[in-house]
Amino acid sequence: MRRYSLFGYLALLLSVCCGLSTARAQSDPAPKIRKFAFHYKFRIHDLKAPDDAEELVRVWLPRPMTSDCQQVTKLAATAPVEISEHEETRLGNRFLYFQTPVPATGEIAVDVPYDVVRHEVLRGPSQLKARPAEKLDNAKRTLFLGPDKLVPTTGKSLKLLDAVELRKDRLDLARQLYDLVDGHVTYKKEGSGWGRGDTNWVCDSRYGNCTDFHSLFMSLARSQGLPTRFEIGFSIPTDSTEGKITGYHCWAWCYLDDRGWIPVDISEADKNPKLKDYYFGNLTADRVTFSTGRDLELVPQASQSPLNFFIYPHVEFRSEKVPSENIELQFTFQELQ
């Protein structure tokens, strides 16, 4: 039997502890963090002068909030009048709002800047074992199991499950539905109909963007008793430190009683098959969330709500929605040290 001096024992103990720490670091990497400035900037143009001086243009914007995944600081905004902030109680979304007379130029320019610290989410199967489950109260459970206007929990989508033997374990079931959606839908933007998050449409078309992938997943998951929620925001480019943001990105979260909320990003998995396992339970830090949920009622109340989802400015004049052709989006980001 090998004998150790006191110093030898201490050295051995230190070696074992360091080895355990190294192994733990290898199995549970620290979440990556990204810091950036985000400018939610747009220009409304070609507004017609009102017949009545009392007629106002009304403008709503989604307001990103601080959460476990991100810290958001709103900076001084540029707008024709003061912007107020409001909250809807169903999902806790916050909205920015202002109303103003139509200027003689027929144009309104807005820039709302934010500083964002975004954290990578690591809640995949290996990390989940050590996480305490979050509790979902009955009201929220009912909300996240219920249908949305374009996300039914019955009908056409359930035919995809007819020949499938569904897994009993809830985590395995969520992964099974994740794989099923990825196998059924291809990421592409062609023709019309995509981008609305219409479950029945994507069942037939078998293609679409992120909204379509996650709408089908939500329909299937909710039909099997798995609460899900929808999040939408923007992807932040990884190949540069500043530049334009060309469009929105969305993903979903699925709730498991023994594990809490886990994210899925199926459209990114479809575009990057090597990362398919990663995007079940994990999210990169290269994004920012602006709003949650579908069928959103704006605050103050709008003439044209509820909105299917909310990411771009909603503008009304004379109780009618101003067309997207009259709104020039100019979203940008810049990396921060």
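Principal axis analysis of the Cα atoms in the chain yields extents of 99, 53, 38 Å, listed in decreasing size. At q = 0.08, 0.09, 0.15, 0.18 Å⁻¹ the log10 of I(q)/I(0) for the stretch 122-284 amounts to -0.22, -0.28, -0.80, -1.14, computed by Debye summation with a single uniform scatterer per C-alpha, solvent ignored. Hey, if you drop one equal point scatterer on each alpha-carbon of the stretch 150-243 and run the Debye formula without solvent, what base-10 log of I(q)/I(0) do you get at q = 0.10, 0.17, 0.25, 0.26 Å⁻¹? Treating every Cα as an identical point scatterer, log10 I(q)/I(0) equals -0.29, -0.73, -1.32, -1.40.
For 122, 166, the sequence from fewest to most other C-beta atoms within 10 Å is 166, 122. Mean separation of Cα pairs under 8 Å and 6 or more residues apart, divided by the residue count, gives the stretch 59-111 a relative contact order of 43 percent. Just the Cα atoms of the stretch 86-146, one point each, no solvent: what log10 I(q)/I(0) does Debye give at q = 0.23, 0.27 Å⁻¹? Listed by q, the Debye log ratios stand at -1.13, -1.15. Look at where the Cα atoms of the stretch 135-203 and of the stretch 39-99 average out, and the two centres are 31 Å apart. If contacts are Cα pairs under 8 angstrom and at least 6 residues apart, what is the relative contact order of the chain in percent? In percent, rounded to a whole number, it is 24.
Our helix-only sum for the chain, with -39,500 (n - 2.57) per DSSP H run of n ≥ 4 divided by its residues, gives a mean residue ellipticity at 222 nm of -7000 deg cm²/dmol. So for the stretch 197-333, what percent of the C-alpha to C-alpha distances run longer than 22 Å? Roughly 46 percent, once rounded to a whole number. What the Kirkwood sum gives for the stretch 125-190 is a hydrodynamic radius of 14.8 Å, with every pair of different alpha carbons counted. Put in order of Cβ neighbour count within 10 Å, fewest first, the listed residues 65, 218 become 65, 218.
A short reminder: the numbers here are calculations on the coordinates, not readings from a lab. A quick note: this is a predicted structure, and the numbers were derived from the prediction, not measured. No Cβ is skipped: glycine too gets one built from the backbone with ideal geometry, and neighbour counts run over all protein chains shown.
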